[in-house]
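Heads up: the structure comes next, in structure tokens.
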Amino acid sequence: MAAQSKKSKLNYSEEVRALRSGGPERLYLLYGEEDYLREQFLSEIKKLCLGGADDFNYRRTDSPALDLSALERDVDAMPFMGERTLIELRGVDINRIRDAALERLAAIVSDIPDYCTVVFVMDSGYSPDGRLGSVKMLKKHGKALEFSVQEQSQLTAWVTRRYSALGKHISRADAEHMIFVSGSLMTRLIPEIEKVASYAAGDTVTAADIDAAAQRIPEANVFEMTEMAASGNYDGAARVLSELLDAREAPIMLLALIGQQFRRLYAAALCAEAGAGADKMKELTEVKYDFILTKLRAAARRQSAAQLAFAVSLCAEYDYRMKSGGEDEEELIKELLARLAAGV
């Protein structure tokens with residue numbers, strides 16, 4: 001049972017096809033920030049193991065601690081009025097399994113019967129440390145799948161299909177705008193898509209509908225705010241900041257996003273000066289999607305590299321001041337915004 005390659009991104013459709021055609025493996029490690037796809041894949045495993053119903057052959061535990069005696073007992077239990085058993089272990093802190101516990105777990109998972117499937121399901125914020133023996137052991141004996149944010153073409157097509165299922169059409173450009181506004185995680189996108197579809201009066205969803213009905217992620221607002229600040233529009237930038245603070249977004253988090261955005265703008269400006277291509281710009285800015293890179297490139301053109309370098313250093317200065325304590329965080333971020341807009 002091979003683990004997913006570190007370098008290759010998971011192709012969800014291919015993994016589902018392989019699961020349905022070949023049947024479930026005996027051991028899985030499911031993790032990653034895209035929890036919607038992770039849960040969908042787990043549902044596919046459940047259907048194949050249990051026939052779509054939770055019955056006597058299903059065991060689930062939710063705990064960071066692993067009860068090895070219970071696991072051993074459940075693994076050895078024969079199916080009752082069914083063909084397979086399924087053991088779902090949620091939230092286990094596998095990074096902490098070591099020494100004797102690791103040896104015992106290795107003995108259990110290396111000898112899982114053909115009729116049993118064991119699934120370790122990690123929370124979206126949890127990252128298994130691939131350097132540790134426990135993670136290496138699970139990957140050796142089972143199939144490890146990382147459910148990461150989908151590629152641009154896949155996610156855009158998925159957004160289009162979600163709207164279509166609700167009786168609405170959306171253009172590719174507006175689907176991309178939806179992702180920009182509400183983020184790239186499917187779990188977050190689903191309710192926002194439903195809100196926009198209900199709001200849109202006609203059969204076609206537009207960018208105006210999205211802007212009016214969808215909740216914007218902080219990153220989208222910070223992108224807009226930094227553009228305004230970089231162009232000297234302090235009033236506009238202050239309005240957006242005020243809305244973010246009213247929404248109880250933490251100033252330290254907003255400062256981190258502002259600093260990140262100016263570092264990206266600076267990297268984009270340097271790439272433009274050097275004649276670097278889109279791939280290099282993506283690498284340096286850590287921007288995943290082409291349409292966001294286009295926005296970034298356009299915003300970077302409005303300022304010189306020297307101006308953006310100053311903005312980066314200014315953000316670093318205020319990051320230090322805020323983390324040092326002793327000053328009002330909201331006042332600090334307002335002061336930073338004023339200086340960014342004034343260029344001093």
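Worth a mention:
- Counting charges near GLU44 (Lys, Arg +1; Asp, Glu -1) among other residues having Cβ under 14 Å from its Cβ returns a value of +2.
- Taking 7 Å steps out from each Cα toward its Cβ at ASP203 and LYS136 produces label points 6.0 nm apart.
- Span-rule helices in the chain, defined as complete DSSP H runs reaching 27 Å or more along the axis (Cα) with Kyte mean at least 0.5: 251-274
- Full-extension gain in nm, ARG60 to ARG161, via 0.36 nm per residue minus C-alpha separation: 33.1 nm
- For log10 I(q)/I(0) by the Debye sum over Cα atoms at q = 0.07, 0.09, 0.12 Å⁻¹, the value calculated from this model appears in (1) -0.28, -0.46, -0.84; (2) -0.41, -0.65, -0.99; (3) -0.38, -0.55, -0.86 under label (2).
- Extent along principal axes [Cα atoms of the stretch 251-313; Å; largest to smallest]: 34, 25, 16
- Here r is the Cβ-Cβ distance between ALA305 and ASP123 and R0 is 41 Å; the resulting FRET efficiency, rounded to 0.05, is 0.50.
- Cleavage-rule hits (chymotrypsin sites (Phe, Trp or Tyr not before Pro)) in the stretch 85-194: DSSP loop, at most 16 neighbouring Cβ within 10 angstrom: TYR115, TYR126
- Overall form of the stretch 191-310 per C-alpha gyration tensor (a/c, 1.5; a/b vs b/c): oblate
- For LEU10, nonlocal amide neighbours, meaning residues 5 or more places apart or on other chains whose placed amide H falls under 5 Å from its own, are SER148.
- Percent of Cα pairs exceeding the 24 Å cut-off, where the set is the stretch 45-156: 29
- With each label modelled as a point 7 angstrom along the Cα→C-beta vector, the ALA107-ALA276 pair spans 5.3 nm.
- Selected from ARG216, ARG104, ARG131 as most flexible by GNM, with the chain as the system and alpha-carbon contacts under 10 Å: ARG131
- Candidate aspartates and glutamates - alpha carbon under 13 Å from LYS143, same-chain residues fewer than 8 apart omitted: GLU15, GLU25
- Span from the the stretch 18-64 Cα centroid across to the the stretch 87-135 one, whole angstrom: 15
- 5 angstrom amide H check on VAL92, placed H, neighbours 5+ away: SER63, VAL121
- Here's how it looks for TYR28: its modeled amide H is under 5 Å from those of VAL118, VAL119, PHE120, LYS143, which are all 5 or more places away or on a different chain.
- For the stretch 278-344, the tally of Lys pairs with Cα-Cα distances below 20 Å comes to 4, considering only residues 8 or more apart or on different chains.
- Within the stretch 50-83, backbone nitrogen closer than 14 Å to the virtual label 7 Å beyond the Cα of ASP93 toward Cβ: 63-67
Values quoted throughout were computed directly from the atomic coordinates according to the rules given, and no laboratory measurement underlies them. Because the structure is a prediction, the values reported are computed rather than measured. Quick reminder, even Gly has a Cβ in these numbers, built from the backbone with ideal geometry, and neighbours come from all protein chains shown.
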